[in-house]
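We did not get these values from a lab; they are worked out from the coordinates using the rules stated. All values reported here derive from a predicted model rather than from experimental measurement. When we count neighbours, we look across all protein chains shown, and the Cβ atoms used for this are built from the backbone with ideal geometry, even at glycine.
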Amino acid sequence: MSFVKQHLAKVILVIALMCAFALPATAQELKIGVVNVPLLMDRAPQTKAAMDALQEEFAPRQREFAAKAKELEDFTAKVQKDAAVMGETERRNAEKDLRDLQREVARLQNEFQEDLNLRQNEELGNLQRTLLVEVQKYAQDQGYDLVVGDGVLFASTAVNITAEVLQAVETTYNATSSR
């Protein structure tokens with residue numbers, strides 16, 4: 001039995017020594033950060049700039065739609081006011097014109113909304129890619145081993161680097177927009 005105990009003691013000692021020598025290599029501290037991507041997207045100056053550009057791009061079409069809607073409203077009021085004194089044929093023609101105008105307004109609204117949504121999605125996709133590059137650059141500059149974004153249920157303030165990344169994004173934006 002003592003041979004087995006000696007052999008077991010030697011094995012345990014070898015394992016303990018291996019662990020002791022391997023400990024410094026595995027005990028190296030990882031630098032981990034968490035970024036709240038929706039908050040970053042919401043507060044980034046690029047988001048406001050992109051949305052302002054979209055607003056400016058679609059303003060003429062918005063005015064066109066508003067004018068057509070006002071035309072529909074005025075024509076509807078006129079038809080309702082004059083309906084009692086119109087002849088049958090005139091009333092039918094006015095109702096047909098009213099329906100045509102309603103369809104045109106609905107078509108304009110749908111086209112406007114679809115085009116706006118498409119452009120917003122394009123701009124948000126571009127913005128997400130830009131912010132991803134910014135987060136990666138910040139992480140590399142600050143020596144992070146791992147930065148996590150989406151899918152985080154909880155992150156303490158010790159690892160939440162959203163504010164720092166946002167500050168870096170704002171600095172980069174201000175530097176490029178001042179040129």
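Taking a ≥ b ≥ c as the square roots of the eigenvalues of the Cα gyration tensor of region 30-179, is the shape rounded (a/c under 1.5), prolate (a/b larger than b/c) or oblate?
Verdict is prolate for region 30-179.
Could you tell me which chymotrypsin sites (Phe, Trp or Tyr not before Pro) in region 97-179 are loop residues by DSSP with no more than 15 other beta carbons within 10 angstrom of their beta carbon?
Details: sites: F112, Y138, Y144, F154, Y173; in loops: Y144, F154.
When the chymotrypsin sites (Phe, Trp or Tyr not before Pro) of region 97-179 are filtered for loop state and at most 15 Cβ neighbours within 10 Å, F154 remain.
Nothing charged except the Cβ atoms of Lys and Arg (+1) and of Asp and Glu (-1): what's the magnitude of the dipole of region 71-132 about its Cα centre? Round to the nearest 20 debye.
140 debye
Work from the charge dipole of region 31-177 (Cβ charges, +1 for Lys and Arg, -1 for Asp and Glu, about the Cα centre) and give the residue of A53, M41, V105 farthest towards its positive end.
Result: V105.
Under the 0.36 nm per residue contour assumption, what length would be gained going from the current alpha-carbon distance of K31 and A158 to full extension? Could you put the intermediate results ahead of the total?
Values: separation 127, 0.36 × 127 = 45.72 nm, distance 1.08 nm.
Going from the current span to full extension adds 44.6 nm.
Modelling each spin label as a point 7 Å along the Cα-to-Cβ direction, I'd like the F58/A77 distance in nm, to one decimal.
It works out to 2.8 nm between the two label points.
Among the aspartates and glutamates, which have Cα under 16 Å from the Cα of K68 when same-chain residues fewer than 8 positions away are ignored?
In chain and number order, the partners are D97, D100, E104, E111.
Would you calculate the separation in nanometres between label points at K137 and N93, each defined as 7 Å from the Cα along the Cα-to-beta-carbon direction?
The two pseudo-label positions are separated by 6.6 nm.
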